[in-house]
Amino acid sequence: MFWGRVPLLAASACFEFRKSGSVQNMLHALKYEGARDVGIEIGKLYGRELMQSDVFASSERIVPVPLHPEKQRIRGFNQSEIFARGISESIPGIQYSNAVERAIPTSSQTRKSRFERWKNVETVFQPGPDSASIEGKKVLLVDDVVTTGATLESCATILLRNGATSVCIACIAAATI
C-alpha cells in the first residue's frame, strides 16, 4: 500500500476490517460509544504481539495519528491515542510523543475515493509540540483503521521530515476498498 509513496520500515494491522463485521462493531464502540477500555486492551494485546518483531520492538517513540482539536473536544478523546497508550504499556522503553498535529479540520474520509482521501489530508498535518522528541528516533505511528493509507502517509512524511530515522505503522485494522 505504501510502496513508492513513503519509506516505511514496516506496517502492520491487528485485524482485517469488513463492513458490518465484528471489527467494525468493536471500532464503532470505541469511537462513538466511548468504550476506551476496548482500545486500551486491543493495544496491550497487539503490543505484546509487536514485541515479537525486532523491527517493532526497537521503536523508541509512539505517535498516534491526531484528531483536529475541535473534533477531539467533541468526541472527548482520540481513539488512536487510546490504542497507542495500550501498545506503549506492552513495549518497554517506548515513549509517547505528540510529534504531529492536525492543523486543519477535515471532513470524514469514510465515503471518499482514494484520490479524494489523499487530497483531503495532503496538507492538514504539521509538526506537533513534541516534534523535537523524535529527532534521531525510530517512530511507531499508530492509527485505528488504514484504508488507502493517505492519512498515515501524510503523518509519516511529517515525522521523517522532522528527523525520525525510521517509521513503522501499527493499526487496529486494515480495510480493503
CD proxy at 222 nm, helix term only [per DSSP H run n ≥ 4: -39500 (n - 2.57); per residue of the chain; nearest 500]: -11500 deg cm²/dmol
Formal net charge of residues neighbouring Phe56 (Cβ-Cβ distance under 15 Å; K, R +1; D, E -1): 0
Length gained when the stretch Arg75-Leu45 is fully extended (0.36 nm per residue, less Cα-Cα span): 8.4 nm
Relative contact order, percent, the chain [alpha-carbon distance under 8 Å, six or more residues apart]: 30
Other-chain or far-sequence residues with amide H under 5 Å of Phe15's (modelled H): Ala173, Ala174
Under the Karplus curve 6.51 cos²θ - 1.76 cosθ + 1.60, θ = phi - 60°, whole-Hz ³J(HN,Hα) for region 17-26, x wherever Gly or Pro sits: 8, 10, 4, 6, x, 5, 5, 4, 4, 5
Largest-first principal axis extents, alpha carbons of the chain, Å: 39, 33, 32
Modelled label reach - Ser58, point 7 Å along Cα→Cβ, region 153-177 residues with backbone N closer than 15 Å: 165-169
Model label zone, Ala10; criterion: amide N under 13 Å from point 7 Å along Cα-to-beta-carbon; scope region 147-167: 167
Within a Gaussian network of the chain (alpha carbon springs, distance under 10 Å), most fluctuating of Ala150, Ala29, Ala99: Ala29
Taking Thr148, Thr176 and counting other C-beta atoms within 10 Å, the order from fewest to most: Thr176, Thr148
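Taken together, the values in this text are just the output of simple stated rules run on the coordinates, not laboratory data. Computed from a predicted model, the values in this text were never measured in an experiment. Note: ideal-geometry Cβ built from the backbone for every residue, glycine included; neighbour counts use all protein chains shown.
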